[in-house]
Ligand code: UN1
């Protein structure tokens, strides 16, 4: 029996259309887990109205009190970690170890947000005039439209919604239609922890109906979106019509560089985790491996050997290392790219096809794939695939390695394995990416550090850490003149 969920707009409500959609298990597509309202613009209008009304009260709740609610959210997430992780594995496929990590990222973000409620620092600055006090304080922006992807169904919504709330904004939230259940459970927790009605509203449905209605809505003040670069550009255009502030976290084509002097065992663990963790479906996934020429043959044979041993299966099973892709569309995209790669001259060193075997026939399983003989201009080396496909490129030295790493339109994460501090610092300086890891894989961002990328990975904002609090608040500059007379700046000084 599948559970039927509703939207939450101050209360549980169905979509006005009365229509619903199914949430299925990618490891066993026959299994319908739950159904959700298929919403449209009318439902978004209701949610925005509720959020706008609630904003007038929520903005007046002291930030430390808003933070206290987030602390309770952290406690509830902790208490329900296992249930949430299982829900997530069932609806999007990644293994339990990782979905537990995904919930943990939400917990970390909650406690960080709780503490931030007691900080939200402003500044005081001396005035140029006597008996005058200058300060800049932080005020909420208004109603936040939050649109999230399916690959981190808990972490990504939390790292947008929690800072939005602590800063005093109210929220209209549209989760990915591949992972609505984790999102619904998150909203239940927020409400249970004491977030007042109307402060967080969830509207389920598709991107073109619900997502775009949020982006286009004149009464939404800001948009935070994580997803593809194509959709991000469209959001930018539509949001520009109402001059909304927009934070975009988009595609990646992240490279791990392995130098001849690297500890190859470490680099091997790193690339396996970076490329095939979450079945390669992370913005931060390692999708290119750049290896210096002397280490190349040895490292590749170690890598192929370990890759072949990865155990595919249902992520709920203890022994599974790699789960399915999220849906049929992703599987087809991955398969298409492998064909494009071979047509371009790359060689399939392992994988390259839909996985067969016990327990795999009903899910979207694809063999972890390594493409060799890739050159930096091939489509498989420049376009985001979002699946378990690793393109390997051979280089002569660190300078060429960095050049290759930089030769895509994206710039999210990067990793360099080397024992030579000179290589490391050259990479830190010259790799054009929002994140560079030294001797660690391209995945594994921590909740309290800025997260985001350059070039077509984003539009200059950073999520995570202290930086995201800037995005969710406006600076208000305040001058208090206690001189008892007219003082003219720039004139009476
Ligand atoms: C993403 O893939 O969109 O660093 C986010 C990581 C995770 C977050 C990934 N903590 O891989």
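So here's what we get for this one:
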read-out: Condition check for residue 463: closer than 30 Å to residue 58 by Cα, within 16 Å of the ligand (Cβ to nearest atom) and in contact (Cβ under 8 Å) with a residue 40 or more places away in the chain; value: yes
read-out: Residue within the stretch 279-293 that is without any contact (Cβ under 8 Å) to a residue 60 or more places away in the chain, in contact with a helix residue (DSSP H, G or I) (Cβ under 8 Å, 6 or more places away or on another chain) and surrounded by fewer than 24 Cβ atoms within 10 Å (Cβ to Cβ) present; value: no
read-out: Close pairs (6 angstrom Cβ cut-off, 6 or more residues apart or separate chains): closer than 10 Å to residue 73 by Cα in the stretch 188-203, not in a helix (DSSP H, G or I) anywhere; value: 190/200
read-out: Residues within the stretch 247-265 that are surrounded by 22 or more Cβ atoms within 10 Å (Cβ to Cβ) and more than 16 Å from the ligand (Cβ to nearest atom), tallied; value: 4
read-out: Residue 232 assigned by TED's automatic domain parsing to the domain that holds residue 469 and either without any contact (Cβ under 8 Å) to a residue 60 or more places away in the chain or within 12 Å of the ligand (Cβ to nearest atom) (or both); value: no
read-out: Lone qualifier among 246, 231, 191 - being modelled with pLDDT of 95 or more, out of contact with any helix residue (DSSP H, G or I) (no Cβ under 8 Å at 6 or more places or on another chain) and over 30 Å from residue 399 (Cβ atoms); value: 191
read-out: Boolean, residue 441 is buried (at least 24 other Cβ atoms within 10 Å of the Cβ) and over 17 Å from residue 251 (Cα atoms); value: yes
read-out: Scan of the stretch 91-125 for residues that are part of a helix (DSSP H, G or I) and touching a strand residue (DSSP E or B) at 6+ places or on another chain (Cβ under 6 Å), ordered by number; value: 91
read-out: Given (1) closer than 21 Å to residue 282 by Cβ; (2) more than 15 Å from the ligand (Cβ to nearest atom), index of the condition residue 468 fails; value: (2)
read-out: Qualifying positions in the stretch 266-278 - surrounded by fewer than 24 Cβ atoms within 10 Å (Cβ to Cβ) and within 13 Å of the ligand (Cβ to nearest atom); value: 273
read-out: Subset of the stretch 436-445 [within 10 Å of the ligand (Cβ to nearest atom) and either under 16 Å from residue 403 (Cα atoms) or in contact with a strand residue (DSSP E or B) (Cβ under 6 Å, 6 or more places away or on another chain) (or both)]; value: 437, 441, 442, 445
read-out: Qualifying residue in the stretch 69-82 (condition: at pLDDT 95 or above, within 30 Å of residue 368 (Cα to Cα), over 18 Å from the mean Cα position of the chain (by Cα) and part of a helix (DSSP H, G or I)); value: yes
read-out: Breaking point among (1) in the same structural domain as residue 235 (by TED's automatic domain parsing); (2) touching a residue at least 40 places away in the same chain (Cβ under 8 Å); (3) within 16 Å of the ligand (Cβ to nearest atom), for residue 448; value: (1)
read-out: Hey, residue 284 on the phi > 0 side of the Ramachandran plot and within 13 Å of the ligand (Cβ to nearest atom) or not; value: no
read-out: All positions within the stretch 405-420 that are more than 18 Å from residue 250 (Cβ to Cβ) and within 12 Å of the ligand (Cβ to nearest atom); value: 415
read-out: Residue 163 being in contact with a helix residue (DSSP H, G or I) (Cβ under 9 Å, 6 or more places away or on another chain) and modelled with pLDDT of 95 or more; value: yes
read-out: Some residue of the stretch 126-148 being outside any loop (DSSP other than H, G, I, E, B), in contact with a helix residue (DSSP H, G or I) (Cβ under 9 Å, 6 or more places away or on another chain), within 16 Å of the ligand (Cβ to nearest atom) and more than 30 Å from residue 487 (Cα to Cα); value: yes
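The values are calculated or read from the model by the stated rules, or taken from the named source; none is laboratory data. The structure presented is a predicted model; accordingly, all values stated were derived computationally and were not measured. Don't worry about glycine lacking a Cβ; one is built from the backbone with ideal geometry, like all the others, and counts go over all protein chains shown.
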